[in-house]
Structure formats: C-alpha cells, structure tokens
Amino acid sequence: MSQSLTQELPRVKGQRQRLAKPELLAPAGSLEKLKFAVHYGADAVYIGGQKYGLRSNADNFSFEEMREGVEFAAKYGAKVFVATNIYAHQEDLAGVSDYLKQLEDAGIAAIIAADPAIVETAQKVAPKLEVHLSTQQSTMNWQAVQFWKEEGLPRVVLARETTMEEIQEMKARVDVELEVFIHGAMCSSVSGRCVLSNHFTDRDSNRGGCCQSCRWKYDLHADEQSIAAPGQNAFSMSSKDLCMIQHIPDLIEAGVDSFKIEGRMKSIHYVASVVNVYRQAIDAYMANPEGYELRPEWVQDIGKAANRPLNTGFFYAVPGAEEHIYEAEEKPAPYDFAAVVTDYDDATGVATIQQRSPFRPGMEVEFFGPGGRQFVQQVTEITDEEGNSLTVARHPLQKIKIATIQPVAPLDLMRKRLI
C-alpha cells in the first residue's frame, strides 16, 4: 500500500504543483471500518468523535478508540482526521477547547471544520492539529480558497457543486491543498445546507441530526386526499450517487490533492470495495499516465457495493431532473456481503470465516482482498469450528470453515451472488 503523502514536489513559480500522489481519503464510521479502509488502501480516513460532527447516528469514536485507530493507521503510513464540522450555536462551544486538545493528544492529524469559531479555537489551543475547511462552507471560487489559505488553513474541502474548470483555476491561482468528493451520496440541498430535517423531526441537519428527509417517499395531497394520478408511485427528492471512477485522469490532471469518498454510515463491505477500486486506479495512473486504461472490473466492482444509480455530479455540467431518483431505486448488482476471512490454512486450503449474512452450500460467492485479488467459486461443504457439517450458515458472527479454490488472507471479504 502507498505510504502517507508527506513529500511535496518542487515548487514552480512559487506554487506547489500537487502532492507527490493524490491522497485517497476514506470514511470510517467505526473502528472496524477504519481498519478495513486502511487495510484496503486508504492513505487517510476521516472519523467522527462524540461531539461536534454531522453524523450523530454513526458509531462515533471515543478517545480510546481514536488512539487505537491512529496506532493501527500508522502501521500503514496512514493518517486519521476527525470531523468537527457542525455550525455551532453558542451552547455548542462549551468545552470545545478541551475537546480539541484531547484530539491533539490522541494523535489525530487534522480536524475538518466549518465554523470559524472552531477553526480559530483549534489554531490557538491545538497547534499540532491541521485544520481542513469542511465542504459545509460551500467553497466554490478561488478567491474564497485564497481567503482560507490566508487564515492559515493548509487544505480546503470543496463544495460538491464545484466544477472541474473551477478546480483547475483554483490550483493555478492558490498554493493550497484541495480535497474533493469523488464518490458517494450527494445532498439534494446546497452542500448540506438543508432544514427539512429540522422542520419534520426537530433534528438539526447542521448540528449532526439529519434524518435524510429528501429520501422519504412523498405523495401529492389536497384537502387531505391524494391527488396523484392512478398508479403513480410515491416520489422522493433523492439525488443519484456520485462516482468518478471513469474520470481519474481528469481529477489528477486538475490537481486534486485528496480524493474523498463519502459514507461513514456505510458497511465495511462498501468501504473496502470502493477504496480497493480507487486505490488500484490511482496507482495505475501514477505508475503510467500515458498507458493508463480504465479496467472494466473496476466499474463492475463499484457496482457490487451498495449504491444508488450513479452519475458525475457537478464536475462537467449542472445536474438536471434526470439526475434525481423519483421512482423506486434500482439495485445495480445482485450481491450481498456474506463473511470476513479470519484465518487460512495453507496446508489444507481451508479458510475460517466470520458470517455476516446467511449462506449455504451451492451458492456462488466471490472472495476479494486488497490490490484487486478476487475469485469466484461455489460454496461446497461448510462446517462449524468443531467440524460439524452445516446446511446453512445462519448465525451472525459465527466462525465457519470452508474450502477455497485459491488462497485467502485475514480481512479478505466474501460476498454472495443473490441470483
């Protein structure tokens, strides 16, 4: 796996061209997800603590878990960032100084912040913490990027509405790192500036409580009666998901320093699958830009993770009505996460796996690991740890033994084909 991105290229006319290789930044909603993200190729991960973040429903990290995550990531040369990206009311700021000092003590490399009060406090009380400007600030022009650089921030996370052309101009004019979302869910509002959740559920979107009202199903009513046409389905305001796997050269040549994947609430299967693909693509381009080719299996593997329909967001054009989901969501691939490999016996060719979803003999499954290792096979006999034959693996987290047609390794994953 690539090492942490700390070495810069020589400056040209007073400006850094870009990091030596774009950073691959992955989401981690729990300690387990952090470990899988790093193992599958992330150069850095971003997590949430138990305060000041916008994912209050995630399995957010205690300081003890942060220290363990930092220690694990360091073995791979990776970094850990913490989202502190709420827009704070006055009451929210009580204790923020102590919290930021504890993040610094835990070895966190950077915070991702939107509120100027949190930005300034971090710079004063925790100087070893880098402060990265959150996408919540909706930064979409080079003058704003220049402003935040002058405020002492080394990195700006751009708004999802930023175009490729605007990114190129920012890199040409301002010597600062740019972080860009390249995969995952898109907000139907402007960079998350939504109050539907506040209105419907009294949960503040911009303080970590979003209930994703845009993804609910809606109907048209008048005088308490539905006025939808016969047979018309309920609709949502949900946007399609972002996917830039087919445009890696454009992102790198535009000068993007950090490729950010959305999804702290997603499964370890999703995180591992998506990180694995983007890791391979970035490495392939950097190794041989002139000979780079998009591999069909990368696109296929993206589709095997849980996704909504995909598009390229705002990079090339303003999305129209066709880039939203109004009908029932299509399932792009009939796969489901089934197990994690915990051990492998080279002598017998038998893997010990931990069940995450029921499967049985006769099913077609696919094993995969970091670097694009993968193979498909049928499940033959399965046994428990005592050697008892099983007709189905039905118990969550149960340890099971299965013969594999190729070697596997701990933290490899198994997914099952549903049809």
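The values are calculated or read from the model by the stated rules, or taken from the named source; none is laboratory data. Everything numeric in this text was worked out from a predicted model, so none of it was measured. Note that each Cβ is placed from the backbone with ideal geometry, even for glycine, and that neighbours are counted across all protein chains shown. In case anyone asks, the SASA skips ligands and DNA or RNA and just uses the protein heavy atoms, side chains included. Shrake-Rupley method; radii C 1.70, N 1.55, O 1.52, S 1.80 Å.
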Computed E for E64/A94 - FRET, C-beta separation, R0 22 angstrom, nearest 0.05: 0.45
State whether segment 234-343 is rounded, prolate or oblate according to the following rule on the C-alpha gyration tensor (a ≥ b ≥ c being the square roots of its eigenvalues): a/c under 1.5 gives rounded; otherwise a/b larger than b/c gives prolate, and the remaining case gives oblate. oblate
For a quick check: with amide H placed at 1.01 Å from N, whose amide H comes under 5 Å from Y218's, ignoring anything fewer than 5 positions away on the same chain? F235, S236
Checked segment 276-419 with the C-alpha gyration tensor, a ≥ b ≥ c its square-rooted eigenvalues, rounded below a/c of 1.5, otherwise prolate if a/b is larger than b/c and oblate if not; verdict oblate
Could you compute Rg(Cα) / (2.2 N^0.38 Å) for the chain, with N its residue count? 1.03
Note, segment 361-366: 3J(HN,Hα) by Karplus (6.51, -1.76, 1.60, θ = phi - 60°), whole Hz, Gly/Pro = x, goes x, x, 6, 8, 10, 10
Convex hull volume per residue for segment 338-419, taking Cα atoms only, in Å³: 82
Considering amide H positions built from the backbone, and no H for Pro or chain starts, which residues 5 or more places from S239, or on another chain, come under 5 Å of its amide H? S188, I325
Distance in nm between R193 and V392 label points, each 7 Å along Cα→Cβ, equals 5.1
Could you list which residues have their amide H under 5 Å from that of D343, counting only those 5 or more apart in sequence or on another chain, with H placed in the peptide plane? T352
Just to confirm, what accessible area per residue do you get for the chain at 1.4 Å probe, in whole Å²? 46
Over 24 Å between C-alpha atoms is what I'm after, so list which of K33/K399; K33/K79; K75/K399; K260/K399 land there. K75/K399; K260/K399
Can you list the lysines whose alpha carbon is less than 16 Å from that of K171, not counting same-chain residues fewer than 8 positions off? K13, K21, K149
Each residue of segment 308-321 in order: what ³J(HN,Hα) in whole Hz does its phi give by Karplus 6.51 cos²θ - 1.76 cosθ + 1.60, θ = phi - 60°, with x for Gly and Pro? 7, x, 10, 8, 9, x, 9, 4, 10, 6, 6, x, x, 4
Quick check: pseudo-label points 7 Å beyond the Cα along Cα→Cβ at R215 and Q354, how many nm apart are they? 2.5
Report the relative contact order of the chain, percent, no decimals, based on alpha-carbon pairs under 8 angstrom and at least 6 residues apart. 14
For the chain, the helices passing both cut-offs (Cα extent along own axis of 18 Å or more, Kyte-Doolittle mean at least -0.5, full DSSP H runs) are 268-287
Just how far, in whole angstrom, is segment 245-264 from segment 361-418 if you go by their alpha carbon centroids? 33
Based on DSSP H runs of at least 4 residues, each adding -39500 (n - 2.57), what is the mean residue ellipticity at 222 nm of the chain after dividing by all its residues, to the nearest 500 deg cm²/dmol? -7500 deg cm²/dmol
I'd like the antiparallel share, as a percent to the nearest 5, of DSSP beta bridges with both residues in the chain. 55
Checked segment 252-297 against the a/c 1.5 cut and the a/b vs b/c comparison, axes a ≥ b ≥ c from its Cα gyration tensor; verdict oblate
Those lysines that a straight Cα-Cα span of less than 26 Å connects to K217, excepting residues fewer than 8 apart in one chain: K240, K266, K304, K331
Which net charge results for the neighbourhood of R415, defined as the other residues with beta-carbon distances under 9 angstrom from its beta-carbon, given Lys and Arg at +1 and Asp and Glu at -1? +1
Segment 134-193, Rg to Rh (Cα coordinates; Rh as Kirkwood inverse mean 1/r): 0.95
